[in-house]
1. Does at least one position in the stretch 13-25 carry a residue that is among the basic types (Lys, Arg) and buried (at least 17 other Cβ atoms within 10 Å of the Cβ)?
2. Taking the conditions exactly as written (more than 17 Å from residue 31 (Cβ to Cβ), of a type outside the set (Val, Ile, Thr) and more than 22 Å from the chain's Cα centre (by Cα)), does residue 68 satisfy them or not?
3. I want to confirm something. Restricting to the stretch 160-180 and keeping residues that are crowded, with 19+ Cβ neighbours inside 10 Å and either within 20 Å of residue 256 (Cα to Cα) or out of contact with any helix residue (DSSP H, G or I) (no Cβ under 9 Å at 6 or more places or on another chain) (or both), which single residue is modelled with the highest pLDDT?
4. Restricting the stretch 238-265 to residues that are closer than 18 Å to residue 55 by Cα and among the small types (Gly, Ala, Ser), which is nearest to the chain's Cα centre (by Cα)?
5. Confirm whether residue 238 is part of a loop (DSSP other than H, G, I, E, B), farther than 28 Å from residue 409 by Cα and not hydroxyl-bearing (Ser, Thr, Tyr).
6. Right, residue 138: surrounded by 16 or more Cβ atoms within 10 Å (Cβ to Cβ) and over 20 Å from residue 71 (Cα atoms) or not?
7. Can you run down the residue pairs with Cβ atoms below 9 Å, 6 or more apart or on separate chains, where the first is in the stretch 217-235 and within 16 Å of residue 342 (Cβ to Cβ) and the partner is among the acidic types (Asp, Glu) and crowded, with 24+ Cβ neighbours inside 10 Å?
8. For residue 54, indicate whether it is assigned to a helix (DSSP H, G or I), out of contact with any Lys or Arg (no Cβ under 7 Å at 6 or more places or on another chain) and over 22 Å from residue 251 (Cα atoms).
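The values are calculated or read from the model by the stated rules, or taken from the named source; none is laboratory data. Since this is a predicted model, take the numbers as computed values, not measurements. FYI the Cβ positions are ideal-geometry reconstructions off the backbone, even for glycines, and counts take in every protein chain you see.
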Amino acid sequence: MPNNPPVTKADRIRALGLSTLAFTVCFAVWTLFSIIGVSIKEELGLSDTRFGLLVATPVLTGSVSRLFLGVIVDRYGGRIVFPLQMLLTALAVWAMSWAESFAMFLVAALFLGLAGGSFIIGVAYVSRWFEPRHQGSALGFFGVGNVGAAVTNFGAPFLVVALGWEGTARVYALVLALMAVLFYLLARPDPLQRERRAGARPTPGLAAQLAPLRDPRVWRFSGYYFFSFGAFVALASFLPRYYVGAYGLELTLAGVLAGLYSLPGSVFRALGGWMSDRSGARFVNYLALLCSLPILLVMSFPGSRFTLEGIGGTISFELSVSLPLFVGLSVLLGFLMSLGKAAVFKYIPSYYPEHIGPVGGMVGMIGGLGGFFLPIAFGFLLDVTGIWTAPFMLLFAIVAATALWMHMAVRRIERTAAGPAARRAPEDNGSGVAA
């Protein structure tokens, strides 16, 4: 990097630590409706479908904004874009405390969703500081910021009890604004931005930035992320409601149990990144998808009563998934999702090192849309079927289709290999070298 100081280990730690902390705060804000939405639902008397729409609206903005934010951060750098995004979101969260009608809440939720766009800003910023062989681990550690969902599930119910949902929203807004100021003061321009400022590398035009989006692999990676991230966000929002309705728990306990699901879904993303660096993103994706299938099958089983005609007369018994078993399965599912999320974002800097922002933004957008459409689908299924476990039946079908799609793509890659001397793609070996 001409005329620029070398990147030191301290620079990398600073960039990764600040970005992870900022993403944690943003993700906590992004999932805020999973807790305060329950109080708002009771206050406004919303149906499950309308409640699902309210909870999903921030996810819509957070998903769609990722593509645009990815293009912007690729051009201007994370040190500028990240604080601006956080300040705008903080204003929206504070304004939400004044909402009084369902329409006003939807508008507030729409702007609150900008918090979800923080992910692609952090991915583009962090990846510039690390070499390809370490990007999986670095981005996996950054993804631990998903723990913000657990922070909200654990802490927000107690804030609601103490301050009301309005006071809770104001606390979140203040914390987010403070984080924006700290990031701007402490962060530094990434190496790519330094090169561009020094004239060592030109800034690409918009057409060049968006060109890789025509690659079918981008859409396949997006499909993987639809489950590993989209379903994770959807369940983080849905589980408090599920525990309250299906098991009759208090909101505070429901939030804690939902947090137990969100925690491994966040913390072990670093492990998923390390595994992707070592064993390849393909292996980790297979592991996440195939192991999720039996878990979702059990979680889908509705409480049932059976009556059989036995030799000595009628035999009646019940089958259901107990609360401890369900909580344990949800924790394991969250763990597998964390591995899948890390694996998907191992692909992107390996295949598209010069277009991390736009490609990561597209993948993040499609994956995030899962977090928008799935809560609505969950609410619709509850209203139509009246079966609490219907949402998990839907997730089982999605995972089965995704695993089949991936396997078909892998077989196609193997059939079209150029020969024994052909190098495997990074999704095969995790090397970070594209075929």
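1. Checked the stretch 13-25: no residue is among the basic types (Lys, Arg) and buried (at least 17 other Cβ atoms within 10 Å of the Cβ).
2. Against the criterion (more than 17 Å from residue 31 (Cβ to Cβ), of a type outside the set (Val, Ile, Thr) and more than 22 Å from the chain's Cα centre (by Cα)), residue 68 does not qualify.
3. 172
4. Among those that are closer than 18 Å to residue 55 by Cα and among the small types (Gly, Ala, Ser), it is 262.
5. For residue 238, the condition - part of a loop (DSSP other than H, G, I, E, B), farther than 28 Å from residue 409 by Cα and not hydroxyl-bearing (Ser, Thr, Tyr) - is not met.
6. It is true that residue 138 is surrounded by 16 or more Cβ atoms within 10 Å (Cβ to Cβ) and over 20 Å from residue 71 (Cα atoms).
7. Hits for this filter: 221/427.
8. no
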